[in-house]
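The values are calculated or read from the model by the stated rules, or taken from the named source; none is laboratory data. All values reported here derive from a predicted model rather than from experimental measurement. Here Cβ is always computed from backbone atoms with ideal geometry, including for glycine, and neighbour counts include all displayed protein chains. The area values use the complete protein model at the heavy-atom level, side chains included, leaving out ligands, DNA and RNA. Shrake-Rupley method; radii C 1.70, N 1.55, O 1.52, S 1.80 Å.
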Amino acid sequence: MSEIADKVKKIVVEHLGVEESKVTPEASFIDDLGADSLDTVELVMAFEEAFNVEIPEDAAEKIATVKDAIDYIEKQKAA
Amino acid sequence: MLQSAGANSGRRRVVVTGMGMVGPLGLGVENVWSRLIAGESGIGRITHFDPSDLPAQVAGQVPEGPTSEGKLTLSDWVSVKDQRKMDRFIHMGLVAATEAVEDSGWKPQTEEEKCATGVMIGSGIGGLQTIYDASITVHEGRAKRLSPFFIPSALINLVSGHVSIKYGFQGPNHSVVTACATGVHAIGDAARLIMFGDADVMVAGGAEATVCPLGIAGFCSARALSTGFNATPEKASRPWDKDRDGFVMGEGSGVVVLEEYEHAKARGAKIYAEIVGYGMSGDAYHITAPAEGHYGAFRAMRSALKSAGVTPADIGYVNAHGTSTMADDLELEAVERLFGDDARTLAMSSTKSATGHLLGAAGAIEAIFCMLAIRDNVAPPTLNLDNPSRESVIDRVAHTAQQRQINVALSNSFGFGGTNASLVVRGV
């Protein structure tokens with residue numbers, strides 16, 4: 001797993017208070033990890049802070065799973 | 001012998017079937033009560049932050065440690081994930097409300113029962129530390145990084161909100177904000193909701209957590225806090241004593257479960273006491289100081305006695321507002337005026353001498369102390385009352401608790417803005 005994926009996973013575990021094993025790439029923040037809409041706002045902010053990236057609102061709305069987040073951040077970092 | 005007639009007749013009776021408390025004397029109603037009766041103090045040097053820059057350096061803080069030792073381990077009560085979404089005053093309220101609801105044994109099953117169960121837990125100030133932290137974030141130009149939980153973490157009515165969500169209580173969801181009178185207003189108003197049929201059960205009380213730099217500095221600037229006992233914290237809260245020099249801030253929460261009497265009886269609930277009287281008034285005088293003679297307090301107490309249908313002779317114990325400020329003697333004078341000759345047999349103490357002043361939670365924990373005073377026939381002591389600044393025929397229970405016959409008790413709370421509230425409780 002990439003460094004970015006590791007860090008994303010850690011942030012999700014910390015913010016949503018879920019077990020690490022549940023944070024699979026396919027896991028949906030809302031459907032599988034018990035997040036509500038405010039939790040996802042906070043998560044995106046935590047990603048922005050941790051990776052020093054800007055995630056605009058329209059992009060944030062499309063980040064539904066752990067993989068979505070990893071992919072988006074990796075793309076930003078590669079750019 | 002007292003009857004429930006008089007001003008009570010015809011209205012739904014409201015009793016207390018559950019109690020919860022967390023504060024400077026620890027976690028849990030029975031634990032706090034036994035420490036209070038033993039004359040212990042919950043006041044110490046401030047440890048939540050370094051108070052060295054401030055004139056007031058003592059407070060009543062909730063002791064942290066194992067639940068089994070009567071101390072607070074927050075994660076036993078609120079999940080770590082949820083803790084970050086709430087200011088500490090909400091943590092306090094949730095802890096006390098959980099104890100109270102579980103103590104009452106009330107678990108509404110049907111939709112109708114859930115809709116007849118409401119919550120009214122207030123706070124004097126709300127999420128002050130949360131507002132402070134968020135202000136810094138904005139000041140640093142990081143407004144876009146402000147937590148989406150900032151507003152719901154700071155809002156006063158969110159204690160009521162969280163309690164309703166936790167238990168599915170879908171009845172009236174309300175909150176009181178009347179500074180240091182909040183706790184009494186919440187219990188009194190919630191009782192009236194039951195009397196009027198808006199609910200059968202109400203979870204009511206107050207929560208506060210302002211032992212933070214902004215809270216202490218703010219009350220320091222208002223010249224309200226004790227500053228002369230930083231080296232001897234346990235001596236700092238000394239209601240009516242001639243050396244008192246301001247109140248000592250405390251944090252915590254008190255919550256009761258109020259229930260319509262027949263409802264409680266029908267389910268075989270244990271009943272601590274009945275809320276029989278409630279009186280309110282406004283000083284219309286000054287934002288922080290009571291007027292000479294404290295006629296506002298006098299009218300609140302008189303009105304509470306009238307609504308209870310009792311006379312001063314019936315009252316065995318008064319839990320005074322008694323904050324350890326100059327206003328203590330004005331309250332004393334108002335009580336003497338109201339009680340007349342009956343003042344001679346009265347016991348009145350200020351438990352703030354042991355707990356500090358829990359602001360919006362004070363009235364709630366003190367109402368609970370009144371009910372336990374009735375249950376155990378014990379008047380809790382006023383610590384540090386070495387030399388009263390004003391003599392009185394009223395026994396202020398200096399230093400040690402007293403065994404006394406107490407059938408009816410009165411609790412006073414007065415707040416900034418000139419708001420006064422008194423509650424009368426009676427054994428059932």
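Could you work out the mean projected area of the convex hull around the alpha carbons of the protein assembly as shown, in square nanometres to one decimal?
Details: hull surface 101.5 nm².
Answer in nm², one decimal: 25.4.
With the calculation restricted to Cα positions, what are the radius of gyration and Dmax of the stretch B:58-138 in angstrom?
Every Cα atom of the stretch B:58-138 included, Rg and Dmax give 15.7, 48 Å.
Could you compute how much accessible surface A:Ser21 exposes when probed at 1.4 Å, giving the result in Å² to the nearest 10?
90 Å²
Would you mind getting the Kirkwood hydrodynamic radius of the stretch B:20-109 from its Cα pairs, rounded to one decimal in Å?
It works out to 14.4 Å.
Which sequence of B:Arg426, B:Arg344 reflects their accessible areas, 1.4 Å probe, from the largest down?
On the way: B:Arg426 15, B:Arg344 155 Å².
The ordering from most to least exposed comes out as B:Arg344, B:Arg426.
What list of ³J(HN,Hα) couplings, whole Hz, do you get for the stretch B:353-366 from phi and the Karplus terms 6.51, -1.76, 1.60, once you set θ to phi - 60° and write x for glycine and proline?
Result, rounded to whole Hz: 4, 9, 9, x, 9, 8, 6, x, 9, 4, x, 6, 5, 6.
Quick one: check the C-alpha center-to-center distance for the stretch B:88-164 versus the stretch A:40-66, whole angstrom.
26 Å
Direction-averaged shadow area of the convex hull around the Cα atoms of the stretch A:1-76, nm²?
The orientation-averaged projected area of the Cα hull of the stretch A:1-76 comes to 4.3 nm².
Return the ratio Rg/(2.2 N^0.38 Å) for chain B, where Rg is computed over Cα atoms only.
0.91
At 1.4 Å probe size, with no ligands or nucleic acids counted, give the accessible surface of A:Glu54 in Å², nearest ten.
About 120 Å², rounded to the nearest 10.
At q = 0.11, 0.17, 0.19, 0.24 Å⁻¹, what is the log10 ratio I(q)/I(0) for the stretch B:141-234, with the Debye formula run over Cα points and no solvent?
The computed values of log10 I(q)/I(0) come out as -0.52, -0.91, -1.00, -1.24.
Please grab the % of Cα pairs in the stretch B:257-315 that end up more than 13 Å from each other. Kindly include the intermediate steps, with their values, before the conclusion.
On the way: 1181 of 1711 pairs.
Roughly 69 percent, rounded to a whole number.
Can you compute the charge dipole magnitude of the stretch A:1-76 about its Cα centre, using +1 on each Lys and Arg Cβ and -1 on each Asp and Glu Cβ, nothing else charged? Give it in debye, rounded to the nearest 20. Show your work: numbers first, answer last.
On the way: 7 positive and 20 negative charges, 49 e Å.
Dipole about the Cα centre, nearest 20: 240 debye.
Hey, if you put +1 on the Cβ of every Lys and Arg and -1 on every Asp and Glu Cβ in the protein assembly as shown, which of A:Phe51, B:Leu258, B:Gly23 ends up farthest toward the positive end of that dipole?
B:Leu258
Taking every residue in B:68-81, how many Cβ atoms of other protein chains lie within 10 Å of its Cβ, on average?
On the way: counts 0, 0, 0, 0, 0, 0, 0, 0, 0, 0, 0, 1, 2, 8.
Going residue by residue through B:68-81 and averaging, the value is 1.
Among B:394-403, B:44-53, what's the highest-first ranking by average C-beta atoms within 10 angstrom per residue?
Ranked from most to least packed, the peptides come out as B:394-403, B:44-53.
Please report, for the Cα atoms of the stretch B:364-428, the Rg to one decimal and the Dmax as a whole number; what are they, in angstrom?
13.2, 37
Toward the positive end of the charge dipole of the protein assembly as shown, about the Cα centre and with charges on Cβ (Lys, Arg +1; Asp, Glu -1), which of B:Phe219, B:Ala236, B:Leu332 goes farthest?
Projecting each Cα onto the dipole axis, the largest value belongs to B:Leu332.
Round to the nearest 0.05 the FRET efficiency obtained for B:Arg267 and B:Glu40 when R0 = 30 Å and r is the Cβ-Cβ distance.
The value I calculate is 0.25.
Filter A:Lys67/B:Lys85; A:Lys62/B:Lys114; B:Lys85/B:Lys265; A:Lys9/A:Lys62; A:Lys10/B:Lys71 down to the pairs with a C-alpha to C-alpha distance above 28 Å, please.
Values: A:Lys67/B:Lys85 26 Å; A:Lys62/B:Lys114 38 Å; B:Lys85/B:Lys265 38 Å; A:Lys9/A:Lys62 18 Å; A:Lys10/B:Lys71 31 Å.
Exceeds cut-off: A:Lys62/B:Lys114; B:Lys85/B:Lys265; A:Lys10/B:Lys71.
Translational D (Stokes-Einstein, µm²/s) of the stretch B:279-418 at 20 °C and 1.002 mPa s when Rh comes from the Kirkwood sum over C-alpha pairs?
Estimated via Stokes-Einstein, D reaches 144 µm²/s.
Rounded to two decimals, what is the ratio between the C-alpha radius of gyration of the stretch B:179-249 and 2.2 N^0.38 Å?
Cα Rg divided by the expected 2.2 N^0.38 Å: 1.55.
Provide the per-residue ³J(HN,Hα) series for the stretch B:284-297, in order, calculated from phi with Karplus coefficients 6.51, -1.76, 1.60 and θ = phi - 60°, each as a whole number of Hz, with x at glycine and proline positions.
Couplings: 6, 9, 8, 5, 10, 10, x, 6, 3, x, 6, 5, x, 4 Hz.
How large is log10 of I(q)/I(0) for the stretch B:16-267 at q = 0.10, 0.15 Å⁻¹ when the intensity is taken from the Debye formula with one equal scatterer per alpha-carbon?
For the stretch B:16-267 at q = 0.10, 0.15 Å⁻¹, log10 I(q)/I(0) is -0.51, -1.08.
Normalise the Cα radius of gyration of the stretch B:95-182 by 2.2 N^0.38 Å (N = residues in it) and let me know the number.
Ratio of Rg to 2.2 N^0.38 Å for the stretch B:95-182: 1.34.
Using a Förster distance of 35 Å, how high is the FRET efficiency between A:Lys75 and B:Glu102, based on the Cβ-Cβ distance and rounded to 0.05? Could you put the intermediate results ahead of the total?
Numbers: r = 50 Å, r/R0 = 1.43.
For A:Lys75 and B:Glu102, the calculated efficiency is 0.10.
222 nm [θ] for the protein assembly as shown, helices only, -39500 (n - 2.57) per DSSP H run of 4+, per residue, to 500?
Details: 18 runs with 183 residues, N = 507.
Here the helix-only value at 222 nm equals -10500 deg cm²/dmol.
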